[in-house]
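Visitor: Here's a structure for you.
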Amino acid sequence: DEGSVIGEYSEIGKGSSISKESFIGSDSIIGWNVRLCESAKVYARVIIGDGAVIGCGPKIGNDSIIGENTSISDHSSISYGSKIGHESFIGKLTSILPNVSVGDSCRVGSCSVINEKAIIGDGVMIDDFATVGARVEIGEMSVIGERVNIGMRNVISPSSIIPSGETIHPDPKWH
């Protein structure tokens, strides 16, 4: 579309749509039937799986992977080296910092922050305004409530439920 830039050696799959003012860096692969909305920025060596929907104005950093049928909402940021699994959802204005792994079938709510090198297991639901510290591991099928703050280097067991408003302080053995 008008004003869009597609970098050298990038591939755009059949049925995909790139809206105006979008940018795709070099050596990126955009799967089939992907929708990139207005002003999306996809930097170098990014892979976006088939059927993904990328909202308006997000930034997806170098060397990131977005799974099939995943949605990245408006004005969110996925930093370099991060991986978002298949059929996951990232809410509006959410920040995923470098080298984060979000599993398949996850939901990360709006205005949340997932700090560097966090690992989010499959099926995890993180509500709005949550903060997940650096190097936190959240086990599969866990539910993290609204406005929860999980300090760095904590390990949350699979199928855990953390109620809204809770704070889990950083793991003291790492201080």
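The values are calculated or read from the model by the stated rules, or taken from the named source; none is laboratory data. Keep in mind the model is a prediction, meaning the values are calculated, not measured. Here the Cβ is made from the backbone with ideal geometry for all residues, glycine too, and neighbour counts use every protein chain on show. To get the accessible areas, we keep the full protein, side chains included, count just its heavy atoms, and leave off ligands, DNA and RNA. Shrake-Rupley method; radii C 1.70, N 1.55, O 1.52, S 1.80 Å.
Visitor: In the set Gly103, Gly121, which member is over 18 Å from Ser64 (Cβ atoms), in contact (Cβ under 8 Å) with a residue 24 or more places away in the chain and crowded, with 20+ Cβ neighbours inside 10 Å?
Guide: Only one candidate passes the filter, namely Gly121.
Visitor: How many residues does the range 124-152 hold that are part of a loop (DSSP other than H, G, I, E, B) and of a type outside the set (Ser, Thr, Tyr)?
Guide: So the count comes out to 18.
Visitor: Looking at the range 24-39 only, could you name the residues that are among the charged types (D, E, K, R) and out of contact with any Phe, Trp or Tyr (no Cβ under 7 Å at 6 or more places or on another chain)?
Guide: Once the filter is applied, which keeps residues that are among the charged types (D, E, K, R) and out of contact with any Phe, Trp or Tyr (no Cβ under 7 Å at 6 or more places or on another chain), the range 24-39 yields Arg35, Glu38.
Visitor: For the range 90-113, enumerate the residues that are at negative phi, of a type in the set (A, V, I, L, M, F, W, C) and part of a loop (DSSP other than H, G, I, E, B).
Guide: Leu97, Val100, Cys106
Visitor: Could you identify the single residue in Glu8, Glu87, Glu68 that is modelled with pLDDT of 95 or more, part of a loop (DSSP other than H, G, I, E, B), of a type in the set (Asp, Glu) and within 12 Å of the chain's Cα centre (by Cα)?
Guide: Answer to the selection: Glu87.
Visitor: A further question follows. Write out, first by first residue and then by second, each pair whose Cβ atoms fall under 8 Å of each other, whose residues are 6+ apart or on separate chains, and whose first residue, in the range 17-45, is free of Cβ contacts under 8 Å to residues at least 12 places away in the same chain while the second is acidic (Asp, Glu).
Guide: Hits for this filter: zero, empty list.
Visitor: Okay, moving on. Here are some conditions: (1) crowded, with 20+ Cβ neighbours inside 10 Å; (2) in contact with a strand residue (DSSP E or B) (Cβ under 7 Å, 6 or more places away or on another chain). Gly51 meets all but one. Which one does it not meet?
Guide: (2)
Visitor: Still on this model: Report yes if some residue within the range 158-167 is assigned to a loop (DSSP other than H, G, I, E, B), open to solvent by 50 Å² or more (accessible area, probe 1.4 Å) and hydrophobic (A, V, I, L, M, F, W, C); otherwise report no.
Guide: no
Visitor: So, of the residues in the range 11-48 that are in a loop (DSSP other than H, G, I, E, B) and charged (D, E, K, R), which turns out to be surrounded by the most Cβ atoms within 10 Å (Cβ to Cβ)?
Guide: Step by step, filter the range 11-48, then rank; the result is Arg45.
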